[in-house]
Every structure is written in C-alpha cells, then in structure tokens.
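Before any comments, here is the structure.
The values are calculated or read from the model by the stated rules, or taken from the named source; none is laboratory data. Because the structure is a prediction, the values reported are computed rather than measured. We place every Cβ from the backbone using ideal geometry, glycine too, and count neighbours over all the protein chains shown. Only protein heavy atoms, including side chains, enter the accessible area calculation; ligands, DNA and RNA are left aside. Shrake-Rupley method; radii C 1.70, N 1.55, O 1.52, S 1.80 Å.
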Amino acid sequence: MPTPGSPLLELVGISVSFDGFLALKNLNLQLAAGELRAVIGPNGAGKTTFLDVITGKVRPQAGDVYFRGRSLLGCNEHQIARLGIGRKFQSPRVFEQLSVQENLSLAVSEPKTPMGLLRHHLTSTQRQRIHHLLDVVNLAPRAQHRAGSLSHGQKQWLEIGMLVVQAPRLLLVDEPVAGLSDGETERTADLLKSLAGDHTVLVIEHDMEFIRRLQTRVTVLHQGQVLCEGSMDQVQRDPRVVEVYLGASQEQQP
Amino acid sequence: MANIRSRWPQLLLGVVGLALVVALPSLVSPFRLNLLGRYLSLAIVALGIDLIWGYTGLLSLGQGIFFALGGYGTAMHLQLNCHGCSRAPGGLPEFFGLYGVQQLPWFWEPFHSPWFTLLAIGLVPAAVAGLLGFLVFRNRIKGVYFSILTQAALLVFFNFFNGQQKLINGTNGLKTDLTRLLGLMVGSDTMQRYLFWLTVLLALLTWLLCRWLVRGRFGHALLAIRDDEARLRCLGYNPTPFKTMVFALAGALAGISGALYTVQSGIVSPQFMAAPFSIEMVIWVAVGGRGTLWGAMAGALVINMGKSLISEAWPQTWLFIQGGLFLLVVTTLQGGVVGWFQEGGPRRLLGRLGLRPRLSTYPALALETRQEGED
Amino acid sequence: MEFDDTVAVGILHSLSGTMAISESTLSEVEKMAIGEINASGGVTVDGKTYEVTWIEEDGASDWPTFAEKAKKLIDQDQVPVVFGGWTSASRKAMLPVFEAKDAFLYYPIQYEGQECSRNIFYTGATPNQQAEPAVEFMFKESPVAGKPFFLVGSDYVFPRTSNTITKAQLASLGGQVVGEDYLPLGNTEVAPIIAKIKKALPDGGAIINTLNGDQNVAFFKQMQSAGLTPDNDYYVMSFSIAEVEIDTIGPEYLADHFAAWNFFQAIDTPASQKFTESFKAMYGEDRVTNDPMESAYNMVYLWKAGVEKANSFDDNLVREALIGVTFDAPQGPIEVMPNHHISQTVRIGQVTPDGQFAILSTSDGPISPQAWNQFEPSSKGYACDWSDPDKGEKYLL
Amino acid sequence: MTLFFESLFNGVAIGSVLLIAALGLAIVFGLMGVINLAHGELMMLGAYTTYVVQSIFKLPPLEPLFGAYIFVAVVVAFLVSGLVGLLLERSVIRRLYGRPLETLLATWGVSLILQQFVRTVPLAWSTGLWLAALLGLAGPPVVNRLWGPRQRPWLLRLGSWAVAMAVGVVSAAWIRGTLPKLARASARNVDVTAPRWLRGGLDLGDWTLPIPRLVIIGLTILAVLAVYWFLNRSLWGLRIRAVTQNRAMGDCLGIPTQAVDALTFAMGSGLAGVAGVAVSLLGSVGPNVGGDYIVGCFMVVVLGGVGSLWGAVVAAAGIGVLTDVIGAGRLLEIWPRMPAWLQGGVEFFATTSMARVLIFALIVVVLQVRPAGLFPQRGRMAET
C-alpha cells in the first residue's frame, strides 16, 4: 500500500537502448497524485519512449517503474491499463469503423473480457458517463457517426474522451493539440486542467503556448535525461534549456 | 414504431424464403438439392472465416483442419453404428480389415455415443483451434505469420490423416452413404431431404449467432483488434482471449459445417485438409464481401454453384477463373460484391459508363453519411 | 452412318489436379474406343442401332468430387454406365454411390484387390495377375534372385495393401523383407528413404516399388545418384511404371529395372499394333500406349458386348450377361469372370534405353483373377461369385 | 562416426534444397513484407526452363555441349523467373503494398493462373513469349547504354517491341518445328535428364555422395554468398536496405523506391528460378512442383526470422538434419538401448510423413520461446 504523500508514479534510473542507440539514459521522474505535469523536449529527446516504458510497450534495459508503489515491469500493456493508466497516442488513434458512441462504450466497459462484453449490459452509470463525456468533448451531435468521418481535432477529443471515460488514475497525454485550431487548443487546455486533481495528468507537447496555458510544473527532457524541472517561466529562463531547445529547434524544426 | 412499416419487405422476404426452402425439394432434382445443401453447409464455415478474418483481421488458411475434424467425427459415429454394413473381423468398420486391425483404436470408442458425437463435432475442432490459437496469439504472432502457421498446421494434419491408415483409413477417408442414421440410409433421397432442411436451419441459426456477436460490444472489440490492436491494449483489453475465443468459435462452426457437408457428400477424406480447399474458403468470403455476414454466405453459395456448373462445362478453365477472381477481388473489389453494393458501386459504375450523371453535390454526400450512420 | 438413336455413357476421370497427368490418357482411349464402335455400326439393342456419345465429368483428383460427379452422372444424366476412376481412393469414394443407387461403374486400373462389389466391374489386374507373379519373378529368376527385399511406396491404400500381400507371399516363399517405407503423397524428399534402403540392403537386392506418379521421378533420380543402380545389384520392380511414366521420368534413370503388366506396347501382335497405331494416329506420333490405357479400351468393348448380349441397356441385365463375355484384346484373349474381374495374361518387362520394355516372360495363357487374396490370412480361402446368388461378394471356398 | 557424417550430409543436403528454395522468398518477405504464394510456381517456371534448355541442347549443333547445359539453364531460369516476377510486381504486387494479407491472396491467384498456364500453353509458345518480353523490356536500356540516349524514345520502344515480337514468334515457330515434344500443351510432367556427369555418385570408400546433392549444396552456398554480397556490398543493395528501413526517407534522398521494389522482387523471383533448376535435378518437373516445396520454404522463413539471411541458413540446416534424423529413424541407431516405451514413439515418427508432423510441432514450440524466429531483426520498428 502506498503511503500518503508518496508519489503516484515513480521512474527510477530507466535506460532504454535500441540497437545501441540510447533513447533513455538513467531517467528519474516522480509524479504526485492529482498533479498536472507537462513534459517537453526537442525531437528525439525520448518523450514517446518514456511513455512506452510506462505503458509496458517497451521494456527498459535498466531501472524500474513504480505505480502506487508497485513495479510495472513484467506487466503487459493491458494489465497496466487496468491498473488505471490511460494513454492518448501521439497521432489520434480511434477505431475508425466504429461510431463515436461505440468507441466510448468499448472504453467504459467493465470487465474487459470476452464474456464481460457478451454478458453484461452497460450500467446506467456507465451510460451516463458516456453522455457526459460526449458533451464534454463536444461530440454529442455526432455520437452515431463513424469515428473515421470525424475531423482531426474531433478525433483528438474523442481519444481524450475515451481516456477519461475509463476514469483512470493517471492520464498520459501525448501531443493532444497537434493539428488543432486555436479555439480547440484553448478548450483542450481547460479540459486537461479541469481533469487534474481528480486524476493525475502527464502531458507531452511541443506547443509552448499550450504548455504555458496549463500553468503547471514542466519537465524538460533532453537526450533521454531530465534536463530540468520547474514552472514554465523558470524553465524558459534556464540557460541549458535555451541552448538545447533553441539550438535544436533551429536545426530540426522544419 | 415507424420502423414496422419498413420491416414489411423483410418480413415478406422471410416468408417467401421459408416457403421456398420447404418447397425446394419437390422443385429440383435430388442431385441439385444435394448440391445446394452441401454448399449451404459451406456457408457456415464461411461465416466462421468472416468472423475471424472479416471482423478480427486474422486470415486463417487452415480452416480445413476443423472442417475435416467435424466431418471425421460424424463419419466415425456413422461407421460404428452401421447396422447391416459389411464388417471386418471383430465387428469393426470394414476398412480395418484391409490393414488387419483387430482392436478398435481407443479414440474411436466414445464415438459410439450419439451425444458425444454431437458435442465432439463442435467441441473437438474448437478445442484444437483454441489451443493452436492460444499458443500463437499469446506470442502476438499475427498477420501473415499467423496465416503461414495455420497453413503449416493444415499440412501437418493432412499428413497425419493421410498417413494413418490403421487408425483412420488414410487417403481413402470414411464413407457415410451406406450407413444408417435414425433408421434411414444416409445416402437415400429422403434422408438427404431432411439433411437439407437441417442445413438450412443451422445456417440460419449460425447467421443469427454471428449477427448477435458482431453487433454488440464484443463485435466492436473484434473490429478494434483488427484495426488497432495496440490501441485496444491500452484501453485495458487483452486481445488474446478475444482472438482465441473467436478462432475457437470459427473452428466449431467449421466442424459443424464439415459434419453437414460430410453426410451430404457421402465421404470425408484428408482432401478436406488439402491446402487449396482452405484457401478457396477464404475466396468465398473475399468475393462475397468480408465483414458482411450475408456476403460470406452468398459468396460460399454462389462460387460453389459456379464452380460446379463451370467445371461441368469446361473442366480446364476453373483454375483460370478462380485465379482471376482472386486477383479481381483483391485488387479492385476489396469489399467484395456485397461491399461493393453497399458502397454505392453500381451508381459509380453507371456514372463511369456515362449512363447517369454523377451525383457529387453536397446533398448527396450528406445522404451518404446519414445512411452510414444508420446501419 | 445412320443411327436409330443415341446412348450417352458417362466418363469420369481427373482432367485437372495431380492425377490429370495419368487419368486424361484413359479418357482419350475411351473416346477412341467409342469412336471405333460408332464407326463399325454402334451398339445394337433390340434390332435398333445406337450411336454412343459420352458425357464427361472431371473428378479433379479429389475423392469427394468423384462421388459428387458420379451422383450427377447417375441421377442427372441417367447414363447406363460410367467408365471412370484411377486411384483406389477414388474408386472407394464412388463405390457407395454406385451401390446406393444400384448403378454400374467400370474401373480400369490394376489395384490391390480385397474388394468385390456387385456394382463395379474391374478390368485391371488383381494382385495375383500382377504383383504376385512379379514378386515371384524377382525372388526366383531376376539377377537378384534370393536376395532380400525392400518395399517402398506412396502412403496410401494401394501400396500398403499390396505390400501386406507381398510380405505374406514372401514369407511363404521363404524370402526376406528387410524394410519398408512410405512417402506421403505430395512429398518428393526421398533422401531418408534412400538412406534406409542403403542401410537395409548393403549388398544389393530387390526393391518393390509402389510409388505414385511424380514421386517415382525423385526416387529413380536419387537412387541412381546414390549409386543404387542395376550395375550394383539394386533392381527395382515397379507396379505403377508403364510406358507413359518412362516418358516423363526419362529412360536414362529407369533402364534395366523391371515392371509387370498385362499389356506392353512392345507386344508384337496385330491387335496390339493396331491399338497403338490407332492411338498414335488420333493423338500424336510421339504418344505411347500402356496397360491402364489398354484396360480402359477393353472395358468399353466389353460393355458393348455385354449390352448386345443382354439385348438391353439395363444395368442388372448387362451385369448378368457380362459374365463369360470374351474379347480379343490388344494383350490377347480376355474373359469376364463371375467375380467381375477379367482373366488376363501376365508379363514381366525390363526397361530398355529407348523407353520401351523388353518382355522377359509371359504367362501360359490368361490367369484367373482372385478378388480375395490367397496369401493374406484374413482373406485366404475366400472367393467372390456374382453369378450365383448364394455366393456373392465373399464366400468360403 | 560414419553415421554422424552421413546424417549430417543428408541433413545438409535436404536443408540446402529448402534453403535455395526459401532464399528468394526470405528476401522478398524480409525486405518488402510481401508473402509470395506464387513463389513455388516461379520455381516451377525455372524447372520448365531447364527442360526447354535441355531440349535445345539435345539438338545436333549443341549436342557436344550437353554436359554444360545446366549452367546455361541456371542463368536462363534466373532471367525467366525474374522477368515474370518483375511483371508480377509491376502489375499486381505494387498495388498492394502495406496490405500483406491481400498480397498473399493475390499471389495465390497468380499461382493458380501460372499452373494452368503451363498446362494449357505449349512450351514452344511460352518460350517465344518470355523471349519476346525479355527483349522488349531489355531492348531500350541496352541500346541507350551502348549508343547513347535516343532522340525519340517512343520510337526506340516501339522498335524494340516489334523486333521482340518478331523474334518471339520466329523462335516459337522454330521450336515447334524442331522439337515436336514442346509443340503441344500438356498437363503431363516432363523429363529433365541431368547430364551424365551429374547423375552418378562420388565414391568415398563404403560411402557414396550423390553428385546432384553436392552440386545443389554448392549452388546454394554460391547463391547465399551472392545475395550477401549484393545486399551488403553493392550500391543497389545499399538502396534496398535503405528503403527497407525507411521508405519515406529513401524517397526523399532520391532513391527510386519503385525501382528498388521491382528489383528486389525480381531478384527474389529469379532466385526461385535457380531453385527450380536445382529441384529439377532431384525430382519431377510438372505443374504441381511448386506446391511440394512452398510450405517447407515458409517454415524456413518463419523459423529463421524475417529478414535474416543467417536465420534462414540455420533454420534450413536444422530442419534438414531433423528430417533426416527423425524420418530415417536414426535416433534408434544413435541410442540403441533406448527404453521400450520411447522406442515405440520413435518408430511411430520414423516415417517421412510423421517426421513432418513432429518438425512442425517443434517449430511451434520454438516459436513459444522465440516468437520472431531464431534470429529476429531488432529495432524500434520491430513491433508496432
């Protein structure tokens, strides 16, 4: 049992290498319950790999991941998901052949086994959650449409909706506003902020304006390591960040 | 409530269909009826393939294994309970005499019981499929790897059944025409008529079962596995039991289909496990339209009828036609024929031929999306 | 020529699939025989002359398909007779159909015996008309006389049953079988079998070969390269290699090995030469004839004779009339026996470098067929006689 | 000791046939992710090519060279099967990249058509057809290289196709005339006779090494080395590897990815043709020859690990040795005092067909431990 005050998620000395290329080097990170955390870093800093490690997709060569005091190493993706870690992927991944509502009902279903789906109907609470979420992500009018027919931004939201409807303890959100309009970005920021507190949220994003809007603690990754942590203003003033970030962005950003 | 009016055509279709099924045996010759019954039983295996391939994205090239297992189970029971058949020494089925077998192999024993046989027709193939599926899916082997492994498994079963004369009569297979079921000779016209009706009934039930499965959240989970398995995992689903279960179910359906096919064609042989037959099954589904249950059934029926008629007229050309069909469906008609109709294929074709102005205005598009939303 | 009417017979061989290679030749010969019959006035029944036509179906090398097509020919086309089949498996698949519908199948291939259906008429050799004389020849007269035997075959019913009989026969002759192995159908990797032969027969010996079709090619090619050749005292007696097969395997690999048949193209009689010449004239100079083809040719003529003797196309009348019918076949005189098989002359041939056979020995006149084998303990003492209702399929002598 | 070497040799001999047959498949699968079910039929074309070449070498002017026809056959078979592969890639496979299951089905359709093609089209005509296609395709690039680029490329193309057609028709007619055996379509198998030097065995005391097997082992080693060299040392090999790893990036760097695909597929197909020559030395040549080998090839690829040349080599050798050890019942010789219950089991599997059953079961077991084969390719893209 996690003691009160102990971190919800803790990464200890994680190292990951692909064919000799070190994607993560001795990475350490802690996340407290109810926290909203932004992670930024130039391309290739290892942001997505870092999420892959938490969700069990990539097994680190060294180090350990603890969630509520329990090691996640050796758990499969679905087991980790069932522990209460939800993930939104970088480019929106929803089930395009299913309708919006069907996407959400798959996410909300419990237990997530063949027999569970066949035997149990959705409870009224679950249905209410779906309706509520449809309103939150503004997709109620399109509930019966195929997800494939949604716009990019709507898919992003649907995916966030699918995350939230599961009521996970920890939300891992990978570039939620890529390709969204300003208005949509704003609403997404508000949504994530409103989720924090009840949930713990970790956001990875390139969009600095968006991060600033979140008004939260920021972690900067660089070459697979934590470069620094702090508020957005602190981080932006850190000379190391300016160096790697601006330097890198000049070379790498198209 | 407004739906009731739009249900009328469907109801009418059902009544006409039922009348046709009841009347058919007196309308066509016993030979054609028998063919129809057999092809209808193939529609059941096609439904299973549609479940695993059309909905779940697992292309099995080994359904012949389960099909044949169902057929062998039935034939073993019939051979054991064949009163008045000529017998080998010791009262064993006749073929054992050819190889000097005196003692009934142990796995034949339970097939004396009709109840065991009925269960085994579905459960044995399901168990084999489930085991194979579990071993393969557990390791996240999928895509073409899965297809190849199923094909290899098929070859293994083919070799085994072909090679084990003393156990199962090898290449010759087991025959049922001269055996008796419920006092009637299986090959007789009366029995064949009953079997036809039974096949219609079972095909219908299977269709209803599959429809129920794919329309609910279980079916949605299958589609999700097909389209983005990794995403589904991150929603907390473990795809392995889903895949194993649906593969086992498809195996059971194949077994039932094989049993019906065997009693109607009079023989089960290792040829049912020959690689081409299993791949043909996939073509039926592909041509009919994978991911649509009607398409799978219609594909099985129509292609087999076509094969029968064409090979009666020009035996040499069937391979060309079959190969061509494959290429056509795979390269241009990906949704199969039913899919093509659903996606407005006929209108597009007419438009392309200049017979009808193309409708590409906004109202038309809106109409299309609304239709999509409805089904 | 004017005919009063036509009668359509059924022809059912594999025109596609693996067996098409062999079976299509039978279909060709049957059509040739039908043509000859029509040219000489057709079939006469009740004073009316009938032109013979045919309805051909494709068994597609698939046993269930054979059963299906047999049903079609009987039910749909109502043919009075079906000429068809090659493999034992296809015959076994068709048998219940013909028995259930009480129709009549003419089957032209030498086979393992142990079967005597009322509804099948067998014009190929039974084991005592091919296998047994062949084994006896290998044991007593061949260059490897007295040496041990190895049995190799394809993994299906004919080789298995035939080898069971051969083992029983050799046991009674005092011969020695040092090994047997079966190659699964469709597999051409013969290296393990050759390794076994080499081990079992270190100093040469007789090999009884019942391999099927393509597998013979691999077998003989690799036998030669492994040094298991007639020069080194390894002689193969094959039951499935005739002139057509030599043509596709290549005489270079087969020269000096043996085969036993009732008919060889090399038979030097007018009837034999006429048969081969007509076939070449019809289908090409480079074609050859062989025993199964001759057998298929005979059965069409025997059917005609049976129908004319019965003066009816009715199966049951023809069935009775057929017994005792004789025909001057390319192999010599043959006669239909009460057990639905025919008496035939047995010959042993040795492959010559030009792809033909040198006939080494010929039996003294036709040998009577035994449907039930007399070496195999389970069938010893049994016989079959359809002319006597008390005896029938299997009775104790 | 003899036992050990004999078993090893037999295993390697069986394995080398598997390997040479699987090599092309492994390349196409490993580099392009394409399962080519028509691979066996491309082998069949190679085997038929051997037959045609052999028939031509039996004619009087070439007859003294008959012993060497096999070398010509290897080259011609590579070209013919490669050409058919090229046409296949351009017409069908190309539309299906990224949809492996559809490709699998489409190539099965192609395999049916090719089988029926050799049954219904006389060899004389198909020889003319392939010759014409080869000349027509190769004409313009060759002319351009020899005499510099032409001013009117369409005229050159037209001209070369006209010449090609003429050559095709003339050669087909000539073959029809001189080789009556090739003039008629036939579903029957044809006899490929190895030259005399290739038919015997090499005597080593009481042990004979079959020469065809030795030649195939040699051919396989050559093919593996050639493929290794091509992929790792040549410019096109570099391009192929680049495209395999990152297609989009390859495009951006100006690598003609379409040409790379076509070349890879054609090369894999050409290797199938060479394998066809090899198997014609061992067994029969007929429309069904492809089906005999295809599943074995797949087993090698799956067991070895996709895209791993080394894995394919080890897998083929392993399957070969096991086939021999199990199928020929050698376990009993190796361990003569085996307990009786085990002995029964070993004997049960000591036939060629049961050996296959057992080997498949073993492969499934191995895949439980190493799902991606013995030598999987590692990397970021390994599992998505």
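Structure notes:
For (1) within 29 Å of B:Leu213 (Cβ to Cβ); (2) more than 12 Å from every other protein chain (Cβ to nearest Cβ); (3) open to solvent by 40 Å² or more (accessible area, probe 1.4 Å), each residue gets a yes or a no:
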residue	(1), (2), (3)
B:Leu13	yes, yes, yes
B:Gly17	yes, yes, no
B:Leu27	no, yes, yes
B:Leu33	no, no, no
B:Ser41	yes, yes, no
B:Leu47	yes, yes, no
B:Tyr72	yes, yes, no
B:Ala75	no, no, no
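- Subset tally (residues that are away from chain B (no Cβ under 11 Å), over 24 Å from A:Leu22 (Cα atoms) and surrounded by 15 or more Cβ atoms within 10 Å (Cβ to Cβ)) for the stretch A:68-104: 1
- Once the stretch D:170-221 is narrowed to residues that are of a type in the set (Ser, Thr, Tyr) and in a loop (DSSP other than H, G, I, E, B), the residue that is farthest from the other protein chains (Cβ to nearest Cβ) is D:Ser186.
- Screening the stretch B:164-179 for residues that are open to solvent by 10 Å² or more (accessible area, probe 1.4 Å) and farther than 17 Å from B:Gly73 by Cβ and picking the one that is farthest from the other protein chains (Cβ to nearest Cβ) gives B:Lys166.
- When every residue of the stretch A:68-91 is checked against the conditions, at least one turns out to be polar (S, T, N, Q) and touching a residue at least 60 places away in the same chain (Cβ under 8 Å).
- Total residues in the stretch C:73-126 satisfying the condition of being open to solvent by less than 10 Å² (accessible area, probe 1.4 Å) and not in a loop (DSSP other than H, G, I, E, B): the figure is 19.
- For A:Ala107, the stated conditions do not hold, so it cannot be described as on the phi < 0 side of the Ramachandran plot, facing chain B (nearest Cβ under 10 Å) and touching a Ser or Thr at 6+ places or on another chain (Cβ under 9 Å).
- Answer residue from the stretch A:113-138, given it is touching a helix residue (DSSP H, G or I) at 6+ places or on another chain (Cβ under 7 Å) and over 26 Å from A:Glu186 (Cβ atoms) and is farthest from the other protein chains (Cβ to nearest Cβ) among those: A:Gln126
- When the criteria are applied in full, C:Asp315 fails the requirement of being within 30 Å of C:Ser361 (Cα to Cα), touching a residue at least 40 places away in the same chain (Cβ under 8 Å) and surrounded by fewer than 24 Cβ atoms within 10 Å (Cβ to Cβ).
- In the stretch B:218-243, the residues that are more than 7 Å from chain A (Cβ to nearest Cβ) form Cβ pairs under 7 Å with partners that are open to solvent by less than 10 Å² (accessible area, probe 1.4 Å) and not in a helix (DSSP H, G or I), at six or more places apart or across chains, as follows: B:Leu222/B:Thr56; B:Ile225/B:Thr56; B:Arg226/B:Thr56; B:Lys243/B:Thr56; B:Lys243/B:Leu58.
- Residue selected from the stretch C:228-244 under the condition open to solvent by 20 Å² or more (accessible area, probe 1.4 Å) and without any contact (Cβ under 8 Å) to a residue 60 or more places away in the chain, by the criterion farthest from the other protein chains (Cβ to nearest Cβ): C:Ser240
- Annotation note: of B:Val186, B:Val214, B:Val200, the sole residue that is within 23 Å of B:Gly122 (Cβ to Cβ), surrounded by 19 or more Cβ atoms within 10 Å (Cβ to Cβ) and within 14 Å of chain C (Cβ to nearest Cβ) is B:Val186.
- Per-region count, the stretch D:1-37, residues in a helix (DSSP H, G or I) and either among the aliphatic types (A, V, I, L, M) or under 19 Å from D:Gly85 (Cα atoms) (or both): 21
- B:Leu20 vs. criteria modelled with pLDDT of 90 or more and on the phi < 0 side of the Ramachandran plot: no
- Matching residues in the stretch B:132-159 - criterion: being surrounded by fewer than 19 Cβ atoms within 10 Å (Cβ to Cβ), within 9 Å of chain D (Cβ to nearest Cβ) and part of a helix (DSSP H, G or I): B:Leu135, B:Arg138, B:Gly143
- Taking the stretch D:81-121 as the range and being open to solvent by less than 20 Å² (accessible area, probe 1.4 Å) and small (Gly, Ala, Ser) as the test, the residues that pass are D:Ser81, D:Gly82, D:Gly85, D:Ala106, D:Gly109, D:Ser111.
- Candidates are the residues of the stretch C:1-60 that are part of a loop (DSSP other than H, G, I, E, B) and within 11 Å of chain B (Cβ to nearest Cβ); the one that is most open to solvent (accessible area, probe 1.4 Å) is C:Thr18.
- The listed residues are D:Ala124, D:Ala132, D:Ala166, and the only one of them that is surrounded by 18 or more Cβ atoms within 10 Å (Cβ to Cβ), away from chain B (no Cβ under 14 Å) and more than 20 Å from D:Leu86 (Cα to Cα) turns out to be D:Ala124.
- Screening the stretch C:80-96 for residues that are more than 23 Å from B:Phe96 (Cβ to Cβ) and of a type in the set (Val, Ile, Thr) and picking the one that is nearest to the other protein chains (Cβ to nearest Cβ) gives C:Val82.
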